[in-house]
1. Test of understanding: what is the full-extension gain from residue 550 to residue 7, defined as 0.36 nm times their sequence separation minus their Cα-Cα distance?
2. As a footprinting exposure proxy, order 128, 16 by other Cβ within 10 Å, with the fewest listed first.
3. By how many nm would the segment from residue 104 to residue 217 lengthen if fully extended, with 0.36 nm per residue of separation less the alpha-carbon distance?
4. Counting other beta carbons within 10 Å of each residue's own, what order do 82, 615 fall into, fewest first?
5. Debye sum, Cα scatterers, region 327-470, no solvent: what log₁₀ I/I(0) at q = 0.08, 0.11, 0.15, 0.17 1/Å?
6. What percent does the relative contact order of the chain come to when contacts are Cα pairs within less than 8 Å and at least six residues apart?
7. For q values of 0.12 Å⁻¹, compute log₁₀ I(q)/I(0) with the Debye formula on a Cα-only model of the chain, without solvent.
8. Pulled fully out, how much extra length does the chain show between residue 29 and residue 385, if you take 0.36 nm times their separation in residues and subtract their Cα-Cα distance?
């Protein structure tokens with residue numbers, strides 16, 4: 001049991017797999033899609049920081065045993081106000097409510113408050129089992145929260161939270177809203193909210209008025225679309241239906257217009273198949289009771305096979321798909337030297353002392369929901385389950401370690417992810433070599449642009465970097481901030497790094513003039529004050545970033561193909577291992593950077609799009625980062 005609710009303790013204790021959040025979101029989206037409702041769904045898992053703040057209030061875990069109920073939260077934004085009540089019923093049928101009723105705020109004249117509806121539901125048992133058991137030792141309930149709002153109010157959600165809920169004014173011992181003391185501004189805010197509420201109501205009324213006009217004109221296709229306001233395909237009315245609906249004696253057109261949309265959505269929810277919604281399907285569903293089971297309509301629907309119309313004969317449930325091999329694509333690779341201690345004077349034994357525990361702990365946290373029997377203390381371990389495989393073998397006496405993991409992708413079908421780590425001692429006993437790879441296995445051919453867009457290093461790598469007791473070295477140590485060259489020793493060190501045959505990653509050097517005010521600072525306004533800092537944040541785990549004056553830029557005279565003149569600009573020194581596809585160095589002048597325009601491919605598969613970035617230094621930064629990623633991938 002945690003005695004102190006600190007962020008670090010909570011992070012160690014509370015583990016909610018992304019798959020739990022994703023599955024809840026998918027289940028809700030599937031049901032809303034089946035009913036044809038217009039929506040947007042957002043989800044989040046409560047972070048350790050957020051839990052720390054909430055537990056620090058002292059409201060939870062006391063004598064009344066109150067618990068946090070929104071470990072996972074979902075926000076469903078709806079486009080029509082009358083869908084709020086419909087969705088309440090939908091979700092109550094899907095999940096068991098933990099609280100008896102939904103909580104709803106009311107609009108009051110003295111408050112600025114966006115309308116929202118909150119429901120608390122019990123997590124399904126199989127989802128609870130995926131979450132770390134230690135989570136429930138904290139005052140956290142096995143529940144999740146769904147919040148319903150209309151899109152008109154969505155834009156005001158953050159405003160309400162930050163500028164109303166948080167704005168407290170302490171008067172004596174009592175905290176009150178700052179708005180209570182400024183009634184003129186409170187009224188203005190209320191006016192804005194009242195306008196939004198009017199928009200919600202007016203939208204529904206407008207569509208109903210429009211549907212009534214279309215009904216009067218016997219425009220049955222468009223009337224159905226406006227009246228029922230669900231996602232309907234472009235399929236037109238079947239031949240013969242309009243004439244039946246026109247019949248004044250049957251009054252079937254009128255009955256369709258008078259049928260409440262809640263009835264249609266209820267039928268869609270309970271329909272046994274998930275198929276595209278069309279105006280013909282709507283008529284077929286409502287013909288059963290609302291239209292009196294008209295035989296003419298039944299005949300037309302049977303003739304067109306309405307519940308299969310629009311679905312290909314080679315539907316995926318019947319087609320035979322050819323199996324495709326899973327091709328490995330390297331999306332990250334680096335080999336570094338790990339040293340232990342601030343002075344970097346310790347050997348392989350000292351460096352190896354920390355690493356196995358680091359790597360094992362990371363692996364265990366990642367796979368604990370799948371393999372419940374992983375021991376807490378690191379040891380050799382192998383296991384596999386459908387879609388998952390892990391292997392961890394360490395030899396402390398030889399200072400070697402091999403870890404290999406593989407797991408299904410949570411967001412893309414026919415894809416798996418793998419991470420490989422190999423550790424062995426340095427030949428001069430100054431630490432251990434660590435080679436780390438991230439591999440994406442995919443059943444289709446992946447372009448280089450897609451590989452770059454999926455480029456990622458494992459969080460394990462970042463964790464090792466963040467430990468101040470360890471040094472991560474590529475010919476020289478990677479620094480946790482941009483290194484500023486400010487004396488002769490720095491110049492010499494940078495020169496040695498650039499010329500090192502052992503270097504495996506690029507060195508980016510921003511060469512600027514000194515400020516003329518005598519302050520001793522570099523004048524970097526030409527590229528942007530924080531350009532080098534932002535670049536370093538993106539590449540600090542696989543490239544070196546330096547800043548220096550043009551005068552301090554080291555000349556590499558031994559190699560005539562390298563620097564001969566010192567110029568203002570950005571220099572990228574590529575390692576020797578990239579010599580097949582990169583020169584020793586590339587130089588970009590102030591003009592090159594200022595005029596840079598970069599077309600960046602984003603997304604994957606059919607969803608790949610091209611973003612054109614025109615903003616000089618920003619475009620250059622994106623281009624440079626992508627170029628570094630491309631080189632790492634190509635060097636695999």
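None of the figures in this text is laboratory data; all of them are computed from the coordinates on show. Quantities reported herein were computed from a predicted structural model and do not represent experimental measurements. Reconstructed Cβ throughout: ideal geometry from the backbone, glycine too, with neighbour counts over all protein chains shown.
1. On the way: separation 543, 0.36 × 543 = 195.48 nm, distance 4.44 nm.
Value of the extension gain: 191.0 nm.
2. Numbers: 128 15, 16 19.
Ascending Cβ contact count within 10 Å gives the list 128, 16.
3. Values: separation 113, 0.36 × 113 = 40.68 nm, distance 4.02 nm.
Length gained, residue 104 through residue 217: 36.7 nm.
4. 615, 82
5. -0.24, -0.45, -0.79, -0.97
6. Values: 989 pairs, mean separation 57.0, N = 636.
Result for the chain is 9 percent.
7. Rounded to two decimals, the profile gives -1.35.
8. Values: separation 356, 0.36 × 356 = 128.16 nm, distance 2.82 nm.
So the extension gain works out to 125.3 nm.
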